[in-house]
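The values are calculated or read from the model by the stated rules, or taken from the named source; none is laboratory data. These numbers come from a predicted model, not from an experiment. Virtual Cβ from ideal backbone geometry, glycine too; neighbours counted across all protein chains shown.
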Amino acid sequence: MTWDWDWGYVGEIMPRLLDGLQVTLLATLLIFAISTTLGLVFALLKRSGSPLIRLPTSGATEFVRRTPELVQLYFVFYVLPDVGLTLPGLAAGVLALGVHYATYVAEIYRAGIDSVPRGQWDASTALGFPRWRTWRSVVFPQAIPNVLPALGSLLILIFKQTALLAAITVQELLATGQQIGTETFDYVEPLILVGFLYLVISYSASLGVRFLERRAAHV
């Protein structure tokens, strides 16, 4: 059995794959935005002095973090409609993965906040800073550079994990490649191209993350 790379076929399917890539990139950015925002909320709630806030938040985030993303995707897309909440595939996927990765971001933020020396907190208290100003002017400026490498790595992971959205009918990059293969009975070129696009974007993003890390280290 012989097989030859068909450039004509590649030219025909590439526009569809690029459309799928656009969906993948959009989902990546939305999931990352939700996870970084909600993750900060989780991190702050878990630092609450009230056990009524801290303990339920910790329990919920542990449950979400320790159950598979695919199960959560299926739950949001297939189970929630039974209780009256029906979401399009992309919205369901962004919501489920955004909440899932927010639990990881919360731990990233926790580590960054804990890296701020205790003396900085004490100095803010001695100067009479209100709590919100301590966070804004003292804690966050020191914690953010420490969490950038982990957040950059998480962004790349989210980009690759968007392939899970194919399981709930979202026509992202992988699902598009699979559909093309099903229609043409030729999976080789589309799946190789899918893998190549993932590689190019992931590697380019990793270079960008390293550049930002170096810039942050010299600020």
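Descriptive notes on the structure:
Residues are listed down the side, and each one gets a yes or a no for (1) surrounded by 17 or more Cβ atoms within 10 Å (Cβ to Cβ); (2) in contact with a Pro (Cβ under 9 Å, 6 or more places away or on another chain); (3) polar (S, T, N, Q); (4) in a loop (DSSP other than H, G, I, E, B):
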site	(1), (2), (3), (4)
I158	yes, no, no, no
Q178	yes, yes, yes, no
E183	no, no, no, no
Y198	yes, no, no, no
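- Between R16, R47, R54, the distinction of being at pLDDT 95 or above, of a type in the set (K, R) and either within 24 Å of Q178 (Cβ to Cβ) or surrounded by 14 or more Cβ atoms within 10 Å (Cβ to Cβ) (or both) belongs to R16 only.
- Members of the stretch 75-122 that are more than 30 Å from N146 (Cα to Cα) and either among the basic types (K, R) or not in a helix (DSSP H, G or I) (or both): G84, L85, T86, L87, P88
- Sub-8 Å Cβ pairs linking a first residue in the stretch 132-159 that is touching a residue at least 60 places away in the same chain (Cβ under 8 Å) and within 16 Å of A27 (Cα to Cα) to a second residue that is aromatic (F, W, Y) and part of a helix (DSSP H, G or I), at least 6 apart or interchain, are L154/F32; L154/Y101; L154/Y104; L155/F32; I158/F32; I158/Y101; F159/Y198, ordered by first then second residue.
- Within the stretch 1-27, being within 21 Å of the chain's Cα centre (by Cα) and hydroxyl-bearing (S, T, Y) holds for one residue alone: T24.
- Taking the numbered list (1) farther than 17 Å from A166 by Cα; (2) surrounded by 13 or more Cβ atoms within 10 Å (Cβ to Cβ) in turn, R131 passes all entries but (2).
So that you can scan it fast, the table gives a plain yes or no per residue for (1) closer than 25 Å to T61 by Cα; (2) crowded, with 17+ Cβ neighbours inside 10 Å; (3) at pLDDT 90 or above:
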residue: L95; (1), (2), (3): yes, yes, yes
residue: V105; (1), (2), (3): yes, yes, yes
residue: G112; (1), (2), (3): yes, yes, no
residue: G119; (1), (2), (3): no, no, no
residue: F140; (1), (2), (3): yes, no, no
residue: L155; (1), (2), (3): yes, yes, yes
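- For T28, the criteria (1) free of Cβ contacts under 8 Å to residues at least 60 places away in the same chain; (2) in contact with a Ser or Thr (Cβ under 6 Å, 6 or more places away or on another chain); (3) of a type outside the set (G, A, S) hold in every case but one, which is (1).
- Matching residues in the stretch 205-219 - criterion: being surrounded by 11 or more Cβ atoms within 10 Å (Cβ to Cβ) and modelled with pLDDT of 90 or more: A205, S206
- Any hit, the stretch 145-152, residues being in a helix (DSSP H, G or I) and within 20 Å of D19 (Cα to Cα): no
- Inter-residue pairs, beta-carbon under 6 Å, first within 19 Å of A96 (Cβ to Cβ) and touching a residue at least 24 places away in the same chain (Cβ under 8 Å) and in the stretch 55-67, second surrounded by 12 or more Cβ atoms within 10 Å (Cβ to Cβ) and among the polar types (S, T, N, Q), 6+ apart: T61/T103; V64/T103; R65/T103
- Of all residues in the stretch 179-207, those that are under 19 Å from L26 (Cβ atoms) and either of a type in the set (S, T, N, Q) or without any contact (Cβ under 8 Å) to a residue 12 or more places away in the chain (or both) total 4.
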